[in-house]
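> Below is the structure I would like to discuss, written out as structure tokens.
We did not get these values from a lab; they are worked out from the coordinates using the rules stated. It should be emphasised that the depicted structure is a prediction, and the values quoted were computed from it without experimental measurement. In this analysis, Cβ positions are derived from the backbone assuming ideal geometry, glycine residues included, and neighbour counts consider all displayed protein chains.
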Amino acid sequence: MRAYIGLGGNLDQPQQHLLEARHEIASLHGVEALAFSPLYRSAPMGPKDQPDYINAVMAIETRLPPLELLDGLQAIETHHGRVRQGERWGPRTLDLDLLVYGDQEIQSERLTVPHPGIALRRFVLLPLYDIEPHLKIPGLGSLESVLAACPSDGLALILEAEGG
Ligand code: ROI
């Protein structure tokens, strides 16, 4: 199954956390890395009294079912010191979101796919567009149309993805 993962963070050298997470995701059993977007810097969505975020998107091919993939992603978040508590939408070292999983629409207690906030998150849509411009987002339509309808915000390209 083709899946897309959003990476974000805004604490403790987030760029470093994102680049390490990229390799850790690629090392999960049953996951093959296909593409990694450039990194973007974005103003925080939600509470403004927190540092800017670094965001990126990764494309993978996986034979893991969605909840097993989620388990793997959450283990990586935990390994990066992510503590799931405190303020909603507060700062974090590393956030990994399963954005899209094939053509599936999933609504379960632990997981909603496509990610429910995707249509309003330019910091997700733009890096996704960089690596898969013709993507259809299940239930929402073409990525291109979703991106065109998304309000713009202060998003800055900060780093070209290194090869490999
Ligand atoms: N804001 C930005 N810019 N990037 C994120 O990845 C991000 N993640 C979040 C909240 C707190 C909603 N804000 C964000 O979870």
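> What does the helix-only formula give at 222 nm for the chain: each DSSP H stretch with n ≥ 4 adding -39500 (n - 2.57), the total divided by the residues, and the result rounded to the nearest 500 deg cm²/dmol? Intermediate values should be presented prior to the final figure.
Values: 4 runs with 44 residues, N = 164.
Helices in the chain give a 222 nm mean residue ellipticity of -8000 deg cm²/dmol.
> In the neighborhood of Gly9, defined by Cβ-to-Cβ distances under 13 Å, what is the net charge if each Lys or Arg adds +1 and each Asp or Glu adds -1? Don't skip to the end; give the middle numbers.
On the way: positive: Arg22, Arg41, Arg82, Arg92; negative: Asp12, Glu20, Asp52, Glu77, Asp95, Asp97.
So the environment of Gly9 carries a net charge of -2.
> If you plug each phi of region 72-82 into the Karplus form 6.51 cos²θ - 1.76 cosθ + 1.60 with θ = phi - 60°, what whole-Hz ³J(HN,Hα) values come out, in order, with x for Gly and Pro?
x, 5, 5, 5, 5, 4, 4, 4, 8, x, 5
> In what order do Leu98, Leu67 fall by count of nearby beta-carbon atoms within 10 Å, going from fewest to most? Write out the running numbers ahead of the final one.
Values: Leu98 20, Leu67 13.
Listing Leu98, Leu67 from fewest to most nearby Cβ atoms yields Leu67, Leu98.
> Which of Leu34, Pro116, Pro51 sits closest to the plus end of the dipole of region 2-159, meaning its Cα is farthest towards the positive end, when Lys and Arg get +1 and Asp and Glu get -1 on the C-beta?
Pro51
> Taking springs between alpha-carbon atoms closer than 10 angstrom, which of Gly46, Gly30, Gly102 fluctuates most in the Gaussian network model of the chain?
Gly46
> Shifting gears a bit: Output the relative contact order of the chain, whole-number percent, from Cα pairs under 8 angstrom with separation of 6+ residues. Walk me through the intermediate numbers first.
Working: 311 pairs, mean separation 50.1, N = 164.
Result for the chain is 31 percent.
> Within a 10 angstrom radius of the beta carbon, how do Glu61, Glu77 rank from fewest other beta carbons to most? Don't jump to the answer; show the numbers that get you there.
Numbers: Glu61 12, Glu77 20.
Final ranking by Cβ density, sparse to dense: Glu61, Glu77.
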